[in-house]
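See below for the structure under consideration.
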Amino acid sequence: MSARLDTLWYTHSPVPTGLGIAVESGRLAEAFRPYGTNIQALRESSDREIREAHFDHHLRNSVRHGGNIPALWARASGQTTRALGLSWSDEVQLIVSSPESGVKTIRDLRNRRFGVPKWANVQIDFSRAQALRGLENALKLEGLAIPDVELVDYPYGGTYSDEPVRHVFGAQVALKGNRVRRRNNELIGLLRGDIDAIFLKGAHGIQLADEFGLHVVVDTGSHPDPLIRSNIGTPRTLTVDQHLLDTHFDAAVLIIDTVLRAEQWAWTHPEETRRFLARELNTSEYWVAAAYGEDAHQRLFTKLEERSLTALQDITDFLERHGFIAQTFDVHDWIDPRPLESVLDKVKLAI
C-alpha cells in the first residue's frame with residue numbers, strides 16, 4: 001500500500017449493499033489485515049460527531065455505501081468526496097392509502113392530504129426527500145405534480161445520530177433504547193384518518209402495508225422506467241473522501257476489489273445472502289424477498305453504468321428543485337472511475 005493507513009472508517013445503510021456483505025462476512029477486515037489497518041464502524045462510535053459522518057461524510061479516511069441523498073447533499077454542501085461506484089437494487093416504493101380514504105388510483109390523490117415527515121434538527125432530511133421523490137414520480141404517471149396534492153407535515157424531534165448503533169449478527173441495535181424501527185407518525189395519521197396517503201418503501205414498508213391492510217395506490221419501484229424507480233436507493237452510492245484517494249489510493253482500490261468479490265459471492269449463494277439481508281434489515285427473509293425480489297442476491301453489482309448516472313443526476317436536480325441542496329452539480333464530475341477500472345477485469349477473471 002502506497003502510504004500506511006492506520007484506520008479506515010466505514011459505514012453502510014441497513015439495506016442491500018456489497019460493502020455491507022463485505023463487512024459482515026469479515027472480508028473487509030481480512031483484506032486490510034496484512035497492512036495493519038484498523039477497521040472501524042463509525043455508526044458504533046460513542047462520539048455523536050463521528051456517527052453524524054454517516055450523513056455528512058466529514059470524516060477523513062472513510063468509505064460509505066448507502067442511500068444517495070445524504071451523499072449528494074454532502075457533496076453539494078462542500079465535502080470533498082468522490083463516488084467510486086453505484087449499485088442498483090430495485091425495491092418496493094409504495095404510495096398507500098387507507099381503505100376508508102377513497103384513494104384508489106394516482107388520480108385520486110388530486111387535492112387530497114399526503115403525509116410527509118419533517119425532521120427539525122437534521123442536516124439533510126432524507127426521509128422527507130425520499131417521500132417527496134416517491135410522490136413526485138407517482139404523480140408524473142398521471143400528468144400531476146406535487147402542488148396538486150396537500151402536503152401535511154409530521155414533525156420529528158432529535159436527529160438520526162442521537163444514539164450509537166451496534167451490529168449484532170448483522171442487525172442494527174441501538175446501544176441506548178430502540179431506534180431500529182422509529183415511530184412512524186405519518187402512518188399513525190393515516191390510520192386515524194387525518195390524511196389520505198403516505199409513502200412507504202423497502203421491506204419494512206411492505207410489511208407495514210400488509211399488517212395494517214393498506215391499499216397500494218402504486219408501486220413506483222416496479223415501474224419499467226428506471227427514472228420513475230429512481231429514489232434514495234436507486235442507485236446507491238459508494239463514496240470515499242478525497243484524502244483517502246489522494247493519500248491511500250491503493251486502499252480505495254482494495255475497497256472496490258473487496259466489495260466486488262463480496263457481491264460476486266452473493267450471486268452464487270442466494271440463501272445465505274437472503275439470510276444476511278434479513279439480519280441487516282432486521283426483518284424476515286419473506287419480507288426481504290417481497291421487497292427486493294427472489295433474485296435480490298443477483299442485484300448486488302457495483303459499477304458505473306449510464307442508467308445509474310442519469311438517475312443520479314435526475315435526483316440531484318430534484319434535490320435542488322425542492323430546496324434540499326442550494327445548487328445542483330454535474331454528477332459525472334463527482335465520479336472517480338479509476339479504482340473500479342483498475343480491478344474490474346481482474347475480479348471478473350478471478351470468479
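Rule-based calculations on the coordinates, nothing more; no lab input. These figures come from a predicted structure and were not determined experimentally. Because the Cβ atoms are built from the backbone with ideal geometry, glycine has one as well, and the counts that use them run over all protein chains shown.
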**Item:** Charged-residue dipole, Cβ positions (Lys, Arg, Asp, Glu), the range 1-77 about Cα centre, Debye nearest 20
**Value:** 160 debye
**Top positive-direction residue, dipole computed over the chain with Cβ charges, set Gly233, Val218, Pro155** = Pro155
**Message:** With +1 on the Cβ of every Lys and Arg and -1 on the Cβ of every Asp and Glu, and nothing else charged, how large is the dipole of the chain about its Cα centre, in debye rounded to the nearest 20?
**Reply:** 520 debye
**Message:** What distance in nm separates the two pseudo spin-label positions at Tyr35 and Glu142, each 7 Å out from Cα along the beta-carbon direction?
**Reply:** 5.3 nm
**Asked** Which angle from 0 to 90°, rounded to the nearest 10, does the C-alpha axis of helix 306-321 make with the longest principal axis of the chain?
**Response** 60 degrees
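If you take every residue apart from Gly18 with its C-beta less than 14 Å away from the C-beta of Gly18, what net charge results, scoring Lys and Arg +1 and Asp and Glu -1? Can you show the working numbers first?
Working: positive: Arg27, Arg64, Arg236, Arg261, Arg299, Lys303; negative: Glu24, Asp257, Glu263, Glu280.
With Lys, Arg at +1 and Asp, Glu at -1, the neighbours total +2.
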**Message:** Within 11 Å, Cβ to Cβ, of Thr80, how many net charges do the neighbouring residues add up to if Lys/Arg are +1 and Asp/Glu are -1?
**Reply:** +1
**Complete:** The helix 270-281 Cα axis meets the longest alpha-carbon principal axis of the chain at an angle in degrees, between 0 and 90 and rounded to 10, of 70 degrees
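Quick check for the chain: number of Lys pairs with alpha-carbon distance under 22 Å, counting only pairs 8 or more apart or on different chains? Mind dumping the intermediate values first?
Values: Lys104/Lys140; Lys104/Lys201; Lys118/Lys201; Lys140/Lys201; Lys303/Lys346; Lys303/Lys348.
Total qualifying Lys-Lys pairs in the chain comes to 6.
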**Request:** Within the range 82-123, which residues have the backbone N less than 16 Å from the label spot 7 Å out from Asp153 along Cα→beta-carbon, could you tell me?
**Result:** 114-123
**Asked** So what are the ³J(HN,Hα) numbers for the range 212-223, from phi and the Karplus equation (6.51, -1.76, 1.60; θ = phi - 60°), rounded to whole Hz, Gly and Pro as x?
**Response** 9, x, 7, 8, 7, 5, 6, 10, 5, x, 10, 6
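Using the Cα centre of the range 114-160 as the reference point, and only Cβ charges (+1 on K/R, -1 on D/E), how large is the resulting charge dipole? Debye, rounded to the nearest 20.
About 180 debye.
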**Message:** Would the chain count as rounded, prolate or oblate if I go by the C-alpha gyration tensor, calling it rounded below 1.5 in a/c and otherwise prolate when a/b exceeds b/c, oblate otherwise?
**Reply:** prolate
**Request:** Determine the sum of side-chain charges near His57: Lys and Arg each +1, Asp and Glu each -1, restricted to other residues whose C-beta is under 15 angstrom from that of His57.
**Result:** +2
**Long-range HN-HN contacts of Gly85 with modeled amide H, under 5 Å** = Leu238
**Prompt:** With the Cα gyration tensor of the range 85-156 giving a ≥ b ≥ c as the square roots of its eigenvalues, does the rule (a/c under 1.5 for rounded; else a/b larger than b/c for prolate; else oblate) give rounded, prolate or oblate?
**Reply:** oblate
**Prompt:** Taking the chain as a Gaussian network, Cα atoms linked when under 10 Å apart, which of Arg192, Arg133, Arg48 shows the biggest mean-square fluctuation?
**Reply:** Arg192
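Among rounded, prolate and oblate, which fits the range 191-289 when a ≥ b ≥ c are the square roots of the eigenvalues of its C-alpha gyration tensor, a/c under 1.5 means rounded, and a/b larger than b/c means prolate? Walk me through the numbers on the way to the answer.
Numbers: a/c = 2.62, a/b = 1.81, b/c = 1.45.
It comes out prolate by the Cα gyration axes.
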**Complete:** Extension length gain for Glu49 and Ser222 (0.36 nm per residue less Cα distance), in nm, is 58.6 nm
**Asked** Ser13's amide H: which non-local residues (gap 5+, or another chain) put their own amide H closer than 5 Å, with H modeled 1.01 Å from N in plane and none for Pro or chain starts?
**Response** His65, Gly66, Gly67
**Request:** Considering Cα pairs under 8 angstrom that are at least six residues apart, work out the relative contact order of the chain and quote it in whole percent.
**Result:** 28 percent
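DSSP loop GluC sites (Glu not before Pro) in the range 77-144 with at most 16 other Cβ atoms within 10 Å of their Cβ, which ones? Kindly include the intermediate steps, with their values, before the conclusion.
Values: sites: Glu91, Glu100, Glu136, Glu142; in loops: Glu91, Glu142.
Loop-located and lightly packed - Glu142.
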**Asked** Where does helix 126-140 land angle-wise versus the long Cα axis of the chain, in degrees 0 to 90, nearest 10?
**Response** 60 degrees
**Prompt:** Around Val218, which amide H atoms from residues at least 5 apart in sequence, or from another chain, sit under 5 Å from its own amide H, with H modelled in the peptide plane?
**Reply:** Ile95
**For Leu72, Leu8, order by how many other beta-carbon atoms lie within 10 Å, fewest first** = Leu8, Leu72
